[in-house]
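Single-structure report; data block below.
The values are calculated or read from the model by the stated rules, or taken from the named source; none is laboratory data. Since the model is a prediction, treat every value here as computed from it, not as a measurement. A quick note on method: Cβ atoms are made from the backbone with ideal geometry, for glycine too, and the neighbour counts reach across all protein chains shown. Just so you know, the surface numbers come from the protein's heavy atoms only, side chains and all, with ligands and any DNA or RNA stripped out. Shrake-Rupley method; radii C 1.70, N 1.55, O 1.52, S 1.80 Å.
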Amino acid sequence: MTDRQSNGSKILSASEVAAAGSGRGPGDDAGAVLGSGAVLGLGGRPLPSIAGTIFWLSNAGQVPPFLATAAPSRGWTISTVQPSDGSPKDSVQLRTADLVLLDARSDQYSRLLVCSELKHQLLVLGMPVVALLAGGDEASRIAALRAGAADCIWPQMAELESIARLGTLLRLGSLERAHRQQSEALARQSVILEQRVADRTQESLRGRDAIIFGLAKLAESRDDTTGHHLERVCAYSATLAEEFVRLFGAQRQGIDAQWVMQIEQTAALHDIGKVGIPDGILLKAGPLTAEERMSMQRHPNLGGDTLNSIRLKWGDNPYIVTAMQIALGHHEKWNGTGYPFGLAGENIPLPARIVAVADVYDALTTARPYKAAFSHERAFDAILGDAGTHFDPEVIEVFKRCKARFDAIRMSFAETGGAPIKPLDEQR
């Protein structure tokens, strides 16, 4: 390459400009800038040279003399790669470069310019490509630009113009690499922070679940004849809720996996109001009097009031709201003859209608001091017989699909023994 333009006018070097002294003309500054290969900034001021790495991709291997001469003084590092298969072998090395100078002087490297692997990597990295062409004819330049090159140089071009073009794109590539590295560092930090938040969230959820179950166990501890009642009711309720989502989730807003989890966790609190029932009534082995039954039927209100006091402090948290619905509504009946409010049909919250089935099934299949346990088949038939009166018909359709799963849960917590069976309406 030559350091003179094709019209024969000389491109001033930095030393020639300095030697001209103060007698320079208006165009001399621009000549000095071009002659130094510098990049012009705002107001025509040259930007300082920026160090960077050029990825020289060529089978020839030898770096062009003009570049080998200019690079050291500008702080440019030349990394040479000689791929034998027409594609970069070391993508990690490619990530450390700021610009790719592609030797496209042969047919092989004209094909390499459009290599999909190279183009994809460079697109991801935001790295400019400069094509070194065999000649500067328009067809070659257009072909290179269409293939993805940001600029082209060729042997007949003035050396300092080639250096200036490389310097401009090297600056852009260097800034892009710095931005990419910063973005990657921020992304890594974001992942770390997200994991910390997830860990803290899981820790809080475990604490919440432990408190919920602890409160429920406190109520259950006063009537220790029920064994694993809470665990079973939670398991039955979750089974019904999951099947309900499969059948009706697409038709109901908010009926999803999160909703299932809320029911599974808060079903344990359905009888928390029993902490307010006197021992003489709660632990009575024989039948309850009418007055005692009225006192026992206060436990949904007591549980609802307890949970509402938490809601007033915590706000309308979905778990607390679901727990309140279950505590207040699990003894309501579809036909409006339940308690404490005599709600009917869909006025009874759906979580309460689900837990009602789970609770009654467990009461029927579990032995108590005042009754023996029903078999799975007998309890199943008894609940089906109350569809549309005691229980929501839709929930019973779901219950039918869960027959085998209920029996498996029951068997995993098998309990035996007890006294004569009581009618369903006398279950507490």
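Suppose we filter ALA344, ALA373, ALA387 for residues that are closer than 18 Å to LEU230 by Cα and not charged (D, E, K, R); which single one remains?
From the options ALA344, ALA373, ALA387, the qualifying one is ALA373.
For a quick check of your reading: which helices (runs of 4 or more DSSP H) sit entirely within the range 74-184 and have at least 1 residues that are of a type in the set (Phe, Trp, Tyr) and at pLDDT 80 or above?
none
Give the number of residues within the range 364-384 that are over 14 Å from ASP407 (Cβ atoms), of a type in the set (A, V, I, L, M, F, W, C) and open to solvent by less than 20 Å² (accessible area, probe 1.4 Å).
The total comes to 1.
Which residues, counting only those in the range 385-406, are outside any helix (DSSP H, G or I), open to solvent by less than 50 Å² (accessible area, probe 1.4 Å) and either within 22 Å of LEU343 (Cα to Cα) or without any contact (Cβ under 8 Å) to a residue 24 or more places away in the chain (or both)?
Result: ASP386, ALA387, GLY388, HIS390, PHE391, ASP392.
Can you say whether GLU291 is assigned to a helix (DSSP H, G or I), open to solvent by 50 Å² or more (accessible area, probe 1.4 Å) and in contact with a Ser or Thr (Cβ under 8 Å, 6 or more places away or on another chain), as far as the supplied structure shows?
No; evaluated as a whole, the condition is false for this residue.
Determine which single condition ILE354 fails, assuming it passes every other condition in (1) outside any helix (DSSP H, G or I); (2) crowded, with 23+ Cβ neighbours inside 10 Å.
Tallying (1) outside any helix (DSSP H, G or I); (2) crowded, with 23+ Cβ neighbours inside 10 Å, ILE354 fails exactly one: (1).
Go through the range 218-245 residue by residue and tally those that are charged (D, E, K, R), out of contact with any Leu (no Cβ under 7 Å at 6 or more places or on another chain) and at pLDDT below 95.
3
Restricting to the range 256-280, name every residue that is open to solvent by 20 Å² or more (accessible area, probe 1.4 Å) and assigned to a helix (DSSP H, G or I).
Scanning the range 256-280 gives ALA257, GLN258, TRP259, MET261, GLN262, GLU264, GLN265, LYS274, VAL275, GLY276, ASP279, GLY280.
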